[in-house]
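All remarks here apply to the structure that follows.
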Amino acid sequence: MARGRSREYDRLEAMLADTGLSMPPMPADAATRIKERAEGCFSTRTFKESPANVPHYVRKAVAGVSPDYVLVARVGHGTAACAIHYFLVQGPLQVFLQVACGSPAGQNRATAAVDECFRFVHELVAAVPRALQSGRLPATGRLTVVASDRSGSFWEIAAAGERAGQTARPARVKTHEARTPRQALEAALSWCRGEVPSA
């Protein structure tokens with residue numbers, strides 16, 4: 001166990017390494033706060049709902065009722081429903097990643113896809129402060145990225161108090177659909193960097 005880190009954090013690193021995955025971005029306090037809340041599910045907060053129910057977590061975060069947290073889980077290990085989940089709610093950034101683990105035959109391809117998504121999230125975490133500084137992302141706004149090959153992918157920018165998924169969505173919420181988790185992350189990153197027009 002590395003100094004200043006919990007045993008659970010070390011178990012999380014080992015679980016990811018065993019599947020050939022790198023570590024996704026973690027908040028500074030995650031090393032001491034993360035706990036294994038269920039088998040293969042690590043989080044800095046408690047939860048009642050399975051991470052497989054991504055829309056539940058998205059609704060809570062968009063409504064502003066979720067504190068900042070990180071969750072990393074491998075749900076359904078050894079089954080066709082196996083998926084890696086990574087949720088990060090940190091300030092104005094909300095990322096919900098859900099990528100299938102793949103069949104044994106497709107395991108290498110699935111691992112590469114998850115690692116590629118983790119790389120994009122690392123870059124996104126670094127780009128958000130610059131987007132805030134430049135005024136591209138409102139200081140009281142949020143950037144939500146849902147990157148799921150199971151429940152669909154999109155990203156959106158909203159000012160404070162604006163919520164997606166409402167029947168009468170405020171006009172200032174800009175939602176952008178994406179075909180794949182990678183495309184959602186890549187597009188949100190490009191927007192943060194100013195490589196695409198402001199939404």
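Just so it is clear, none of the values below were taken in a lab; they were calculated from the coordinates. Since we're looking at a predicted model, the values are computed, not measured. Here Cβ is always computed from backbone atoms with ideal geometry, including for glycine, and neighbour counts include all displayed protein chains.
Determine, for each peptide in 130-141, 185-196, the mean count of other beta carbons within 10 angstrom over its residues, then list the peptides with the highest first. Kindly include the intermediate steps, with their values, before the conclusion.
Working: 130-141: 15.3, 185-196: 18.9.
With the highest mean Cβ count within 10 Å placed first, the list reads 185-196, 130-141.
Mind checking which lysines have their Cα closer than 19 Å to the Cα of residue 35? Skip sequence neighbours fewer than 8 apart in that chain.
48
So what is the relative contact order of the range 1-58, in percent, for Cα pairs below 8 Å that sit 6 or more residues apart? Write out the running numbers ahead of the final one.
Values: 43 pairs, mean separation 16.8, N = 58.
This gives 29 percent for the range 1-58.
How would 157, 84 line up from fewest to most surrounding beta-carbon atoms within 10 angstrom? Provide the component values of the computation, followed by the final result.
Numbers: 157 24, 84 27.
If I rank by nearby Cβ atoms, fewest first, I get 157, 84.
Give, in nm to one decimal, the length gained when the segment between residue 39 and residue 119 is fully stretched (0.36 nm per residue of separation minus the Cα-Cα distance). Kindly include the intermediate steps, with their values, before the conclusion.
On the way: separation 80, 0.36 × 80 = 28.80 nm, distance 2.50 nm.
Computed gain between residue 39 and residue 119 is 26.3 nm.
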